[in-house]
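We did not get these values from a lab; they are worked out from the coordinates using the rules stated. All figures in this text were calculated on a predicted structure; none of them were measured in a lab. Using ideal geometry, Cβ is built from the backbone for each residue, glycine included, and neighbour counts are taken over all protein chains shown.
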Amino acid sequence: MHLTHRLGAVAATCAVAALPVALASAPVAGAATPAVKISYVYFDSPGSDTGSATSLNAEYVRITNTTTTARSLTGWTLRDVTGYTYTFPTFTLGAKATVTVHTGKGTASQTHRYYNRSWYVWNNTGDTAYLRDSRGTTVHTCGWTSTTTTAKTC
């Protein structure tokens, strides 16, 4: 369900998956940045929610490789609370690169991927994006509750 009400305040959260046991002794001064993370969610495409290709593709999630090494995302998933899921086919995200996953339809490239949906994925008034690796382990999440903004930096 895609909602477009614009009342209230903004509260947003980002979370990082637990560190592996081998890294448990790392300093706890701040949360470690995951190697691959959700960096930005544009959850409320501009204008009315018409379901047009332009409107659907203006709703998107950016996933960023924060390392200097290319990372395979083959079999990784991006999903919302409802369960709408995008699964990466054979795909490698370059070092320090970003890929944008659009809700609508389009031609996949190294920098743009598409859910190929005919209606919206991300709820304007609150949702959570979950990035999971090929084993199903949550790597990163980004959540929001908003009626006054259209995007979230994670």
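Taking amide H positions as placed in the peptide plane 1.01 Å from N, state which residues far from G126 in sequence (5 or more) or on other chains have amide H under 5 Å from it.
S146
Could you give the C-alpha radius of gyration of region 48-111 expressed as a fraction of 2.2 N^0.38 Å, taking N as the number of residues it contains?
The reported ratio for this selection is 1.21.
Among Y84, Y130, which comes first, then next, by fewest other beta-carbon atoms within 10 Å?
Y84, Y130
Which order do D80, D49, D44 fall in if you start with the one that has the fewest other Cβ atoms within 10 Å?
Least crowded to most crowded, the residues run D49, D80, D44.
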